[in-house]
1. Among the lysines, select those whose C-alpha is under 23 Å from the C-alpha of residue 598, and discard any that sit fewer than 8 residues away in the same chain.
2. With the contact rule set at Cα under 8 Å and sequence spacing of 6 or more, what percent relative contact order holds for the range 109-200?
3. Using a/c under 1.5 as the rounded threshold, could you call the range 453-505 rounded, prolate or oblate? The axes a ≥ b ≥ c are square roots of the C-alpha gyration tensor eigenvalues, and prolate needs a/b larger than b/c, oblate otherwise.
4. Starting from the 7 Å offset along Cα-to-Cβ, what nm value, one decimal, do you get for the label separation of residue 340 and residue 540?
5. Ignoring solvent entirely, what values of log10 I(q)/I(0) come out of the Debye formula for the range 109-201 at 0.20 Å⁻¹ when each Cα is a single scatterer?
6. Counting only C-alpha contacts under 8 Å and six or more residues apart, can you give the relative contact order of the range 55-304 as a whole percent?
7. Nearest 20 debye, what's the magnitude of the dipole of the range 422-607 about its Cα centre given +1 on Lys and Arg Cβ and -1 on Asp and Glu Cβ?
8. Students often check this: by mean Cβ neighbours within 10 Å, which of 322-328, 429-435, 372-378, 92-98 ranks highest, and how do the rest follow?
Amino acid sequence: MTDGYTRLLPPVVVSRWLIALAAVALSVWIEFSPALSDGYFANEWLRDRFVALRATDEAETRIAVVDIDEASLAAVGPWPWPRTRLAELLERLLGEYGARAVALDMVLPEAADAEGDLRLAKLAQYGPVVLAQAFDYGARSLPLRVGTIAGGWPAAAANAPVASGFIGNHAGLRNARQSGNIGFIPDQDGKLRHLPLLTAFDGKHYPSLALALAASGGRAADAAAPRGSALRRIPYTRQIAAYTVVRAADILAASAPPTVITGRLVLVGASALGLGDRVATPLSPSTSGVLVHASLLSTLLDEASGQAPVAWPGAWIAIAFSALVALIGVFSLPRLPAAVNMAVLGGASLLWLCAAYWICPHDSEFSTTAPLACNLFLLAVAVPFDWQMAQRRSRRLLETLRHYVAPVVVNELLRSDLEDPLAPQRLSVTTLVADMEAYTHHVESLSVEGAGQLTRDFLECLTRPVLDHRGTLDKYTGDGLVAFFGAPLAIPDHADLALDAARDIVAAVARFNLVRHKKGLSPLRVRIGIETGIAMAGDFGTAFRSIYTAVGDSVNTAARLEGVARDQPHDVIVGAGAVDAARRHRFKRIGDVALRGKERPTTIFSLDD
């Protein structure tokens, strides 16, 4: 049973499938491993490139950003501004400019001028104003507790990040109708890619600034039950330039056109360098924090209006792609050269990069690099494995070739620059056909084992001289062989080499007969036919089997000359072609004989020894 399974699934095939499964398993592990979800920088780096390439500059007309920038500080006065000035800014935005709702992207933990704080409190309590508060997610020995937190929704998300502390506004603002969290959890490389839509603290869930503003402005019908994880990846679908940014000083001076504010959700924040509200994002190493909230708000509005991209199962697409590449590799790697396989894997990686680029808007959390890791594993393990298996097969075939072709010829073939040295070609070759006379008579009284041993010993006498003189063994013919000289490498003295081999064969058989004589056995006689001529020599065959051989009239003539030796006292019969081609041997003319298939008599010779 085990042998049957081994034949069905050889160890090399099993190893190849195991490597493919390991490559897919690596892709699955990268895709779903919690250990890589936050710190897999290669994945985030690649996704950042996609985000930057896909970000559009199409204007976002639903949102406006009022910026307390350097110019505003220069025109109105240094920071911190009096609370009356902040209250005036909010009143102008909601009154004269007709903003739908306003969010203040700053925390006011301490009371200041009474009039200004009272105006802010009334605006937050009765108007569409969202005040900010910042939750802390770090593990501290002494929890952060500053100011008073406000708002809070009933528990709505089981996976909401849990805060350890907070910085809230002063107690005078505790009755604010809506408060939004501006605390964030940066990734390990310091970039801000996620914001908590909801934060769990003391049994309640607190919305982010963007979510609270969307709900306050009545533009997100499902704002209280946001889609996906409570820790939301910010898609950054728009370039920074796509957002309408108005200077705070222009609002206070009423010099900004109302059309840039009317009917929009407004975020009031600060980009002035001295205020420190700048973060690193996939779009820029220094982005104003208020624009991060604007980007998340834009995404929430798209989802509420049905304009968000349709969700795709990016993780499963990535795994399916990895499995497809691994499956293709199982069949292509052992059949293609290593360089071609490397090119195929490189092409598959480029194809995945294109696919991942289009998947990113539809799945914000799948791993962009899992299939690339699969391809890299195949490149590092599968390609060398199959290259090694190909080398092993080549060595095995080479060793087999050495049994049929003289080692010196094999070595010359390996050193040659010929692209296909075994391709059929017309060559001048000398064919040697040798056979044992009266084979049946010698083996009829022997056992099967004895007959086999006699055949092997006799073929040894024939084969070694052929290979020693750079001949190519075409085939064994039971008790004889066919060999040719001058192919696959052209050899100028191939006729002389064949005659040398014939002489040594006769001598080897004579030595073998001495051994048989001592055992009281009858002697053996070898018959040899040799002829030279043009033949097609090369690798012939079909898809099922191929063989290196030579075909031509001179090959057939050599076989018939071997048959002529049956009626001659000479062991070696040489044709006229071989006599004309030889330079180192002398011959005796025997006469003319009629050979089957020849119209005219053929002159035959023997070696003059």
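1. Excluding near neighbours in sequence, the set is 588.
2. Relative contact order comes out at 37 percent.
3. Verdict is prolate for the range 453-505.
4. With each label placed 7 Å out from Cα toward Cβ, I get 2.7 nm.
5. One equal scatterer on each Cα of the range 109-201 leads to -1.00.
6. The value is 31 percent.
7. Numbers: 23 positive and 22 negative charges, 65 e Å.
Charge dipole of the range 422-607: 320 debye, to the nearest 20.
8. 429-435, 372-378, 322-328, 92-98
Readers should treat all values here as calculations from the given coordinates under stated rules, not as data from a laboratory. Note that the structure is a prediction, hence the values are computed from the model and not measured. Quick reminder, even Gly has a Cβ in these numbers, built from the backbone with ideal geometry, and neighbours come from all protein chains shown.
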